[in-house]
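Chemist: Got a structure here, written out as structure tokens. Questions coming.
The values are calculated or read from the model by the stated rules, or taken from the named source; none is laboratory data. Everything numeric in this text was worked out from a predicted model, so none of it was measured. We place every Cβ from the backbone using ideal geometry, glycine too, and count neighbours over all the protein chains shown.
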């Protein structure tokens, strides 16, 4: 936008606005982090939590001692790694195929996109999973999530824009589609793979529904459902307007920090990848 | 012509040129690329549709679907007469309506404002921060909210008390619960929502802005006359999609945050069905509710698309 080079009142306000927004976005995380590092008494005592007077790892020690979080973190970690890799592979495989013009490719595309608007609902899905033997098995986290339609469309858009000359020269050299895919296209797909991979990884890490609906064994439940149980077990007391903040409040905060840690740590570094990826997908799509 | 590259094999293939057999042979590798997807979608997305018929039967988990007796629209009749259903339906519409009215414009406005920031570093840092809330789950955010909105220990209430007023039990108070739902979702998703608008904004040719500047248009007028019309299509498509989702959003959020005290205003269709249908194993009932939801969603989608077309816009289909 053109507006001259001067810094106008508007610009100053704009900068302030986003600084303020940044603060609002960050404060709840900060509060949770600092709260988890406090002793229970100090937590109740203080108003706005800015820094812990006497930082302590009490809450974390409690969690480690209890140990249940590790089971669920393990499940979640497993499905995140395996799920992301398998999903990336299958999705890019299919997206590449769909980006090529061939008889029926549009039909298949509509066939797939249609499912974004219509789905069977919970019970029918449950029945299908049951007949496939997926109920209460770890596979239920992985198999149905192999292809995400939205990601598929994004990847296909990326491949549509892919340089045709590279592929043509490969074909002249005698490569069939498979070799072209593995040896040329795939290595060059790194940006989109990183983008989709990040989306997929976050999605897997936050898995909650399938754990709630399709898994019965406690040891197979995901981290998020564990957090939900911890959080909602306090909910009843909260709702009854108890006089005392239930002991373990800081423990709850610590649980949240632990489960959010991987995301928050990895996030700043990968942010630039997925911005680029979305831009590519959004503009062309 | 691309065909020539494989011309030699093509001449040897059975079937007339252009027939199915021809194409199947010519592109057989490509079909292999796509085959897993077809199987996948058939299995996980289309197969469940077959079982939608449960809504018209009296399905028991012990029998197979074909063994269960037909009951026509009985399940729907029960559904519409169930006490919590109407409240849940009303809440769903209301909450999503608020979300749309308050939550839809915010990412748009933020994107436009963000677009105005010259300092690249500042812009990038800000974006990094505002995208962050999108990535945590509702289970986690729910926990954070319980803390921050707590009656005795929470910072929000501590501020309220220091201002001399009574503390509010936000999550247990019918007057505030819906506001908490809407506001927390805005907090979580607004930053992320700017991405698609920002992407669309970058698609507007800079020459348009220069021409307007030459003609004496200030930045505000540039916004209204260039930026907004330039991304009009994107806005409309997103709006239509959101309207189609009107009965859909928020299950995890509401499930985590709700409690028995606020059911009257805080229960949405999905949580209602979860509680009464699933937890009580009333599967036909729950499926009927699901069909009803789909039906209304499709209705809203088409209606808003028609409306957009009536206004002269492109719409979705």
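Chemist: Among the residues of the range B:262-270, is any over 27 Å from residue B:75 (Cα atoms) and buried (at least 18 other Cβ atoms within 10 Å of the Cβ)?
Modeler: no
Chemist: Looking at (1) assigned to a loop (DSSP other than H, G, I, E, B); (2) more than 9 Å from chain A (Cβ to nearest Cβ), which is the only condition residue B:100 fails?
Modeler: Among (1) assigned to a loop (DSSP other than H, G, I, E, B); (2) more than 9 Å from chain A (Cβ to nearest Cβ), the lone unmet condition for residue B:100 is (1).
Chemist: Which of the helices (runs of 4 or more DSSP H) contained wholly in the range B:134-220 include at least 1 residues that are farther than 28 Å from residue B:109 by Cα and touching a helix residue (DSSP H, G or I) at 6+ places or on another chain (Cβ under 7 Å)?
Modeler: Working: elements: B:138-148, B:155-162, B:177-202, B:206-214.
Those helices (runs of 4 or more DSSP H) span B:138-148, B:155-162.
Chemist: Taking residue A:84, is it farther than 30 Å from residue B:150 by Cβ and within 22 Å of the chain's Cα centre (by Cα)? Step through it out loud before you land on a result.
Modeler: Details: farther than 30 Å from residue B:150 by Cβ: yes; within 22 Å of the chain's Cα centre (by Cα): yes.
For residue A:84, the condition - farther than 30 Å from residue B:150 by Cβ and within 22 Å of the chain's Cα centre (by Cα) - is met.
Chemist: Only residues that are at the interface with chain A (Cβ under 8 Å from one of its Cβ atoms) and farther than 19 Å from residue A:140 by Cβ: list them for the range B:33-48, please.
Modeler: B:33, B:34, B:37, B:38
Chemist: Further question on the same structure: Tell me the helices (runs of 4 or more DSSP H) entirely within the range A:72-165 that contain at least 2 residues that are facing chain B (nearest Cβ under 7 Å) and closer than 30 Å to residue B:305 by Cα.
Modeler: Output list reads A:105-114, A:122-131.
Chemist: Then there is this: Scan the range B:247-254 and give yes if some residue there is within 13 Å of another protein chain (Cβ to nearest Cβ), modelled with pLDDT of 80 or more and more than 30 Å from residue B:57 (Cα to Cα), otherwise no.
Modeler: There is at least one residue in the range B:247-254 that is within 13 Å of another protein chain (Cβ to nearest Cβ), modelled with pLDDT of 80 or more and more than 30 Å from residue B:57 (Cα to Cα).
Chemist: When you go through B:121, B:92, B:62 one by one, which is the residue that is at negative phi and buried (at least 18 other Cβ atoms within 10 Å of the Cβ)?
Modeler: B:92
Chemist: Within the range A:46-64, take every residue that is at the interface with chain B (Cβ under 9 Å from one of its Cβ atoms) and surrounded by fewer than 16 Cβ atoms within 10 Å (Cβ to Cβ) and give me the one that is modelled with the lowest pLDDT.
Modeler: A:47
Chemist: Right, here's the next one. Just to be sure before I move on: is residue B:317 within 11 Å of chain A (Cβ to nearest Cβ), modelled with pLDDT under 80 and on the phi < 0 side of the Ramachandran plot in the structure I sent?
Modeler: So residue B:317 fits the description; yes.
Chemist: Quick check on the range B:254-261. Is at least one of its residues crowded, with 21+ Cβ neighbours inside 10 Å and over 22 Å from residue B:143 (Cα atoms)?
Modeler: Looking for residues that are crowded, with 21+ Cβ neighbours inside 10 Å and over 22 Å from residue B:143 (Cα atoms), one finds none in the range B:254-261, hence no.
Chemist: Of everything in the range B:149-189, what is modelled with pLDDT of 85 or more and within 8 Å of another protein chain (Cβ to nearest Cβ)? Give them in sequence order.
Modeler: If the condition is that a residue be modelled with pLDDT of 85 or more and within 8 Å of another protein chain (Cβ to nearest Cβ), then B:187 is the only one that fits.
Chemist: Another question, then. Look at the range B:49-58 and say how many of its residues are more than 7 Å from every other protein chain (Cβ to nearest Cβ), surrounded by 18 or more Cβ atoms within 10 Å (Cβ to Cβ), more than 25 Å from the chain's Cα centre (by Cα) and part of a helix (DSSP H, G or I).
Modeler: Total satisfying the criteria: 1.
Chemist: Output the number of the condition that residue A:148 fails; it satisfies all remaining conditions of (1) crowded, with 21+ Cβ neighbours inside 10 Å; (2) under 17 Å from the mean Cα position of the chain (by Cα).
Modeler: (1)
Chemist: Take the range B:170-221 and flag every residue that is buried (at least 18 other Cβ atoms within 10 Å of the Cβ), within 24 Å of residue B:95 (Cα to Cα) and more than 25 Å from the chain's Cα centre (by Cα).
Modeler: B:170, B:172
Chemist: Among helices (runs of 4 or more DSSP H) lying entirely in the range A:188-285, which contain 2 or more residues that are at pLDDT 85 or above, more than 8 Å from every other protein chain (Cβ to nearest Cβ) and over 26 Å from residue B:146 (Cα atoms)?
Modeler: Qualifying helices (runs of 4 or more DSSP H): A:190-205.
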